[in-house]
1. Work out the length of the dipole vector of the stretch 31-128 about its Cα centre, built from +1 on the beta-carbon of each Lys and Arg and -1 on the beta-carbon of each Asp and Glu, and round it to the nearest 20 debye.
2. How large is the charge dipole for the chain, taken about the Cα centre, if only the Cβ atoms of Lys, Arg (+1) and Asp, Glu (-1) carry charge, to the nearest 20 debye?
3. Can you give the longest run of the chain that contains no GluC sites (Glu not before Pro) sitting in a DSSP loop with at most 14 other Cβ atoms inside 10 Å?
4. Quick one, which of (1) 1.08; (2) 1.02; (3) 0.99 is the actual Rg/Rh (Cα atoms, Kirkwood Rh) calculated for this model?
5. If you take the beta carbon distance between ASN189 and ALA63 as r and set R0 to 51 Å, what does 1/(1 + (r/R0)^6) give as a FRET efficiency, to the nearest 0.05?
6. Ignoring everything except DSSP H segments at least 4 long, calculate the 222 nm mean residue ellipticity for the chain; use -39,500 (n - 2.57) per segment, divide by total residues, nearest 500.
7. For the pairs LYS187/LYS339; LYS168/LYS339; LYS275/LYS338; LYS36/LYS108; LYS108/LYS313, note any where the Cα-Cα span goes beyond 28 Å.
8. With all distinct Cα pairs included, what does the Kirkwood hydrodynamic radius of the stretch 31-128 come out to in Å, to one decimal, could you say?
Amino acid sequence: MRQYTPRRAIRFPPLLLLLLSCLPAQAKRHDIVVMKNGDRITGEVKRLEQGVLYIEPEYVSDAFGVDWNEVATIRSAAGYQITLENGDRLAGTIEKVPSDGSPGADFKIRTADQEVSTHAANVVNIESKKKNFWDQLAGAIDLGYNFTSGNDQTQVSSSANADYLSTKWNTGVALTTSFSGQSGASKTNLWQGTTYGERFLSRNSSLIGLADFLHSSQQQLNLRTTLGGGFGRYWVRTNRQRFQSIFGLVFTNETFESTISNPTNKNIEALLGMKYQLFRFSRYSLLSQLYGFPGLSDTGRIRASTKTTFSVKLVNNFHTDFSFWDNFDSRPPISTSKKNELGITNSLGWTF
């Protein structure tokens, strides 16, 4: 019997490979960065964040960082979004010239209708303009796990966040979950989802809107929905640290596990918040935030939430976090609920 050989199945793969090989590869830009010690780097200038300038040459698999203070010159024709220390946000091309030739004006931004010159030390953030919304997203995913064999106790925590930044506004979402269980004992779980939007005003001021959703079995809270917003202002913003305060109003709606008394509760609260960030050359960072909610319709009741995270950078885009968090309620509507729920977590994460 003659064996049938499918000719197309044999010839198609080589033809496909030939066609693919003819497609032009996306070439990287040839931006030029010269360091103060004379080193010359050719590649794509990606971004400036936390005092680190990231560059991606053609011969490496990923961008690497250099100290912004040690950069002498930059030449690039690409478009960027730039944030200055005084709060100005601009979009255009960038150039850095030697500081001895232009003292106090060694960094130039060329927009569609003007050229702005400033000191390089006043540049807080540089971000490449991406082609679409998804490429502009930045965030992280973290996972933590702890098991103790002596008492069969298990703790699992996870978090994820994503942010989008433009010259006029900023928005983001975050999700945190925590589970703790022990053999022969009760189990507790917590999850929290937050979304926010920030509309930049002049310089260091902004209008902020937020929505927060919290479930806590330890505080017998089925769901607390918080909706509101306020006015935010940066008091300090440099390549090393940032400090922001927030003032506003929120409306909360709470549902509890107990159906005997106060199964639901509604309240109007003031919003008093602050956020502090500290950076050290991309090796480590500290983020501490505190939000207080004094009751207005339920006077005398004060809620507060705080979280402090110390992050250490590992290889590539990986990092490890050490976090302390606490949710406090001075007068829980359910008398048997705990006033405090706090925790300490260690997690491994990946930044994108």
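1. In total the dipole reaches around 140 debye.
2. Computed about the Cα centre, the dipole is about 740 debye.
3. 59-256
4. The value computed from this structure is option (1).
5. Between ASN189 and ALA63 the formula returns 0.85.
6. Calculated mean residue ellipticity at 222 nm is -1500 deg cm²/dmol.
7. Pairs exceeding the cut-off: LYS168/LYS339; LYS108/LYS313.
8. Its Kirkwood hydrodynamic radius stands at 13.4 Å.
Bear in mind these aren't lab numbers, they're just calculated from the coordinates by the rules spelled out. Just so it is clear, the structure is predicted and the values come from calculations on it, not from any experiment. Using ideal geometry, Cβ is built from the backbone for each residue, glycine included, and neighbour counts are taken over all protein chains shown.
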